[in-house]
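The structure appears below as structure tokens.
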């Protein structure tokens, strides 16, 4: 004789496992070794774009000072965008790797254009003994203007 099985519990467990797998599959970053492009597909790009929009459009004193420090002029939200041009991502990746002292191959980076400046992040790079990620502000020639950690 078989033991009684709660079918609702099994169905709920299967549904939960399926949802968790889907979240992992669609939201986890693509490892650098599995990605050919230097324009990262990491979902952190949307948060970085939101930061760029707030920085470019917010009129608070704090954001004005930050814009001035980074050399970013106020621009409409339409002038803040994710960069997916391979050439631009390669230049940004090279600048990022040079700045952090990376000796390996170029890594995929998130690049957000804010007017004539770029906010660049390698989502896989970690500062040893730190929870923060270095972000670079680059000018139109991909030269480092400022660095911040977040």
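With a cut-off of 8 Å between alpha carbons and a minimum separation of six or more residues, what is the relative contact order of region 32-149 in percent? List each step's numbers first, then the result.
Working: 208 pairs, mean separation 30.6, N = 118.
Averaging sequence separation for qualifying contacts and normalising by length gives 26 percent for region 32-149.
Quick one: order 124, 86 by neighbouring beta-carbon count within 10 Å, fewest to most.
Numbers: 124 15, 86 12.
Listing 124, 86 from fewest to most nearby Cβ atoms yields 86, 124.
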Let me make sure I get this right: for region 32-149, a, b and c are the square roots of the gyration tensor eigenvalues over alpha carbons, sorted descending. Under 1.5 in a/c it's rounded, otherwise prolate if a/b > b/c, else oblate. Which is it? prolate
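Looking at region 32-149, send over the antiparallel percent of its DSSP beta bridges, to the nearest 5. Walk me through the intermediate numbers first.
Numbers: 17 of 18 bridges.
Close to 95 percent.
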Provide the gained length on full extension for the span residue 54 to residue 81, in nm with one decimal, where the gain is 0.36 nm per separating residue minus the Cα-Cα distance. 8.5 nm
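Any read-out appearing in this document is the output of simple, stated calculations on the displayed coordinates, not a laboratory observation. Remember, it's a predicted structure, so these values are computed and weren't measured experimentally. Cβ: placed from backbone, ideal geometry, glycine included. Neighbour counts: every protein chain shown.
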